[in-house]
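S.K.: If you scroll down you'll find the structure; I have some questions about it.
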Amino acid sequence: MRFTRLCLVLLIAAGLCLSGCRHLETGDTLREEQPSEQITIRFLNSWGGFDSNAEALKTIFQDFMEANPDIVIINDARFGDDFLPKLKTDFATGNAPDVFGIWPGSDMKALVEAGKAADLTDILDADPAWKERFNPEAWSYTTFDDRIYGLPVEIIYEALFVNQALFNSYGISIPRDYEQLKEAVVKFREHGVTPIAYNSNPEGTYIYQNITARLGGREGVESVSDGVVTGVSDCYVRAMRIMKELYDLEAFPRNAYSLSDRERNDLFLRQESPMIVQGSWFTSDLYNAHLENAVKIIPFPAIDESGDGYPLVYGLGCGTFFMSSQAQKDEQKRDASLRLLKALTSPEASLTLTSNSGFISNIDLSHYRDETNDLYDVGVGLINNADELVPPPDSIVDRIVWEQTIVPGFPDIFQKGEIGIQQVWKKAVLEMKQAR
């Protein structure tokens with residue numbers, strides 16, 4: 001009888017134990033823990049899917065959860081054009097992520113002004129060792145009214161990526177100015193090669209942004225609404241005319257309107273196109289495709305000016321991390337979110353992100369590694385040698401206007417020329433005024 005009672009007690013205890021456990025999804029992983037001891041926090045930025053930082057992010061999260069078994073991370077990172085609509089919808093519906101990443105610009109400013117991002121100033125001031133990890137020059141990008149809201153980790157730049165091997169095989173010189181660029185386009189077309197990997201998506205406009213920066217420099221790009229004729233800075237208009245000229249020279253894929261971002265990148269990675277305008281994050285793809293020794297990264301060719309000086313599109317990327325004010329109001333989520341923010345901004349995390357990539361971290365890594373890779377050094381050199389650093393135009397223009405009016409306007413610009421340019425900017429300027 002006592003044996004029977006003992007068995008019954010053990011069975012009940014086992015049942016209670018099993019019923020008290022559950023599986024919690026953490027992106028691509030599952031963990032089984034006592035729910036009463038766990039805090040679930042959700043993370044969102046653009047490092048999902050095919051993004052070059054996606055695997056590194058998963059590694060950072062896995063290491064973090066092993067070191068912090070009381071925290072479960074739901075990795076909700078989204079790739080490419082899926083990211084920003086998801087972020088905006090979540091905040092608008094009261095489903096804010098606890099920790100998120102977004103590049104500095106109009107969207108980040110709007111979140112701060114709406115009280116959606118947590119003020120981290122006092123937390124950082126109370127933890128000087130943490131604050132001192134960051135290069136102080138980057139605080140200006142995440143500071144509003146003398147208050148710090150974001151943690152600047154990822155430094156980005158945009159430039160022209162050229163396949164040196166393809167240029168050599170066709171006996172074509174790498175362009176240093178716009179006339180040479182047009183000559184290279186014509187020669188590649190004569191050989192049946194698509195010269196520049198481009199698509200009619202927001203990512204495809206990196207070439208337009210680089211032309212705009214080359215024409216206007218920092219002052220022109222930031223003075224977007226100062227134009228006399230169209231209501232927009234002249235460099236934005238002239239850059240569209242150059243895009244039209246390149247289109248007429250057949251510089252772009254004939255199916256550019258239907259190409260996805262991945263397909264556009266693959267044109268370059270499969271060595272079917274010798275040129276693409278991309279950002280520093282693209283260097284991870286070069287390593288994965290074993291092209292790190294075949295590709296050169298150079299400033300976009302000079303247009304008006306001569307000499308070796310150049311402006312460079314530069315800023316912070318989606319590795320600029322924030323805590324939502326919603327998470328800040330919940331004591332448990334606040335603690336868990338701060339622990340995750342410290343992990344994401346740790347030297348160890350930056351070492352993971354910079355491994356076999358050109359990812360440039362704003363965290364001081366000088367005491368943690370002796371060597372860097374070639375593409376990392378190229379990127380640092382481009383930044384250090386630039387005459388001026390220019391913010392990406394799509395961070396200056398209201399992002400909704402950029403993605404819903406300017407980017408979709410390029411097909412009309414290519415077909416209608418000056419009429420299309422005037423129509424696009426007339427609509428864009430009106431929308432920018434309404435967005436203020």
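S.K.: Tell me whether segment 93-102 contains one or more residues that are farther than 24 Å from P392 by Cβ, touching a helix residue (DSSP H, G or I) at 6+ places or on another chain (Cβ under 6 Å) and in contact (Cβ under 8 Å) with a residue 60 or more places away in the chain.
M.R.: Within segment 93-102, one or more residues are farther than 24 Å from P392 by Cβ, touching a helix residue (DSSP H, G or I) at 6+ places or on another chain (Cβ under 6 Å) and in contact (Cβ under 8 Å) with a residue 60 or more places away in the chain.
S.K.: Please go through segment 308-333 and give me each residue that is buried (at least 21 other Cβ atoms within 10 Å of the Cβ) and of a type in the set (D, E, K, R), ordered by number.
M.R.: Correct list: K333 only.
S.K.: Still on this model: List the pairs whose first member sits in segment 310-328 and is closer than 19 Å to F300 by Cβ and in contact (Cβ under 8 Å) with a residue 60 or more places away in the chain, whose second member is among the small types (G, A, S) and assigned to a loop (DSSP other than H, G, I, E, B), and whose Cβ atoms are under 7 Å apart, counting only residues at least 6 apart or on separate chains?
M.R.: Partner pairs satisfying both residue conditions: Y310/A386; P311/A386; L312/A386.
S.K.: Could you please find all residues in segment 366-387 being modelled with pLDDT of 85 or more and surrounded by 14 or more Cβ atoms within 10 Å (Cβ to Cβ)?
M.R.: Hits for segment 366-387 are L375, Y376, V378, G379, V380, L382, I383, A386, D387.
S.K.: Considering only residues that are in the same structural domain as E222 (by TED's automatic domain parsing) and in a helix (DSSP H, G or I), look in segment 286-345 and name the one that is farthest from D377 (Cα to Cα).
M.R.: Residue satisfying both the conditions and the ranking: N288.
S.K.: As an exercise: evaluate N356 against (1) outside any helix (DSSP H, G or I); (2) not aromatic (F, W, Y); (3) not assigned by TED's automatic domain parsing to the domain that holds N45 and give the number of the one condition it does not meet.
M.R.: The number of the failed condition is (3).
S.K.: Quick one: how many residues across segment 128-184 are under 30 Å from K342 (Cβ atoms) and part of a loop (DSSP other than H, G, I, E, B)?
M.R.: Residues of segment 128-184 under 30 Å from K342 (Cβ atoms): 128-158.
Going one step further and asking which of them are part of a loop (DSSP other than H, G, I, E, B), we end up with 132-133, 135, 142, 145-146, 149-150, 153.
Qualifying residue count, segment 128-184: 9.
S.K.: Condition first: farther than 28 Å from Y287 by Cα and part of a helix (DSSP H, G or I). Now tell me which residues in segment 32-64 satisfy that. Spell out the reasoning first.
M.R.: Start the filter on segment 32-64 by keeping residues that are farther than 28 Å from Y287 by Cα, which leaves 32-42.
Once the filter is applied, which keeps residues that are farther than 28 Å from Y287 by Cα and part of a helix (DSSP H, G or I), segment 32-64 yields P35, S36, E37.
S.K.: Next question. Considering A343, A327, which residue is in contact with an Asp or Glu (Cβ under 6 Å, 6 or more places away or on another chain), modelled with pLDDT of 95 or more and within 23 Å of D70 (Cα to Cα)? Reasoning before the result, please.
M.R.: Working: A343 fails: in contact with an Asp or Glu (Cβ under 6 Å, 6 or more places away or on another chain).
Of the residues listed, the single one that is in contact with an Asp or Glu (Cβ under 6 Å, 6 or more places away or on another chain), modelled with pLDDT of 95 or more and within 23 Å of D70 (Cα to Cα) is A327.
S.K.: Hey, another quick one. In segment 112-127, which residue that is of a type in the set (D, E) and part of a loop (DSSP other than H, G, I, E, B) is nearest to P347 (Cα to Cα)?
M.R.: My answer is D127.
The values are calculated or read from the model by the stated rules, or taken from the named source; none is laboratory data. None of the values given here were measured: they were computed from a predicted structure. Cβ atoms come from the backbone with ideal geometry, glycine included; neighbour counts cover every protein chain shown.
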